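One structure below.
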Amino acid sequence: MSNNKTAVIVSLALGAALLAGAAYMYADTRELVSSAVKVPGAVVDFERRSSKGGSTNYPVIEFVTASGETHRFTTSGAGDFAKGASVEVLYYDNDPANARVNVFIELWLGSLALGAFGLLCLGVGVANLLYERARRNPGIDSK
């Protein structure tokens, strides 16, 4: 198998896998948004996480469930929150430990990013297929 054929197959497979992941994340978030309990929460603290490029503060959110239990969670994204800020929290009634802040980036960025990279990989694979086809059959479209 030629290197270009391998690259095309890998690109198409990776694109399809990323799009499948994006579709799963989208469906999961859509289900959460449509059936979750919505309650007010507050930014009570920040959790500092270090990486090679430095460190980032992630908001710690506290909320009270409909049954009166207090829960805390750290957002998955840094976000632009101030201590004491009010936020809307989404959680499943049977699983308040997996709560999320009801903001666009927190809910949808993951599926959008995976979908964009998936489309990019698919586009590269399709473009390579078309290029190879045109290169092997130079006079096919000139009739």
Of the candidates 102, 57, 94, the one satisfying the condition of being in contact with a strand residue (DSSP E or B) (Cβ under 9 Å, 6 or more places away or on another chain) and under 23 Å from residue 24 (Cα atoms) is 102
Q) Would you say residue 17 is open to solvent by less than 70 Å² (accessible area, probe 1.4 Å), free of Cβ contacts under 8 Å to residues at least 12 places away in the same chain and part of a helix (DSSP H, G or I)? A) no
The stretch 33-143: strands (runs of 3 or more DSSP E) wholly inside it with 2 or more residues that are open to solvent by 50 Å² or more (accessible area, probe 1.4 Å), closer than 30 Å to residue 5 by Cα and at pLDDT 95 or above are none
Subset of the stretch 89-104, residues aliphatic (A, V, I, L, M) and touching a Leu at 6+ places or on another chain (Cβ under 9 Å), comes to 90, 99, 101
Q. Scanning for something farther than 23 Å from residue 112 by Cα and of a type in the set (Phe, Trp, Tyr), does the stretch 37-57 turn up at least one residue?
A. yes
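The values are calculated or read from the model by the stated rules, or taken from the named source; none is laboratory data. Since this is a predicted model, take the numbers as computed values, not measurements. Methodologically, a virtual Cβ is constructed for each residue, glycine included, from the backbone with ideal geometry; neighbour enumeration extends over all protein chains shown. Accessible surface is based on the protein model in full, side chains and every heavy atom, while ligands, DNA and RNA are left aside. Shrake-Rupley method; radii C 1.70, N 1.55, O 1.52, S 1.80 Å.
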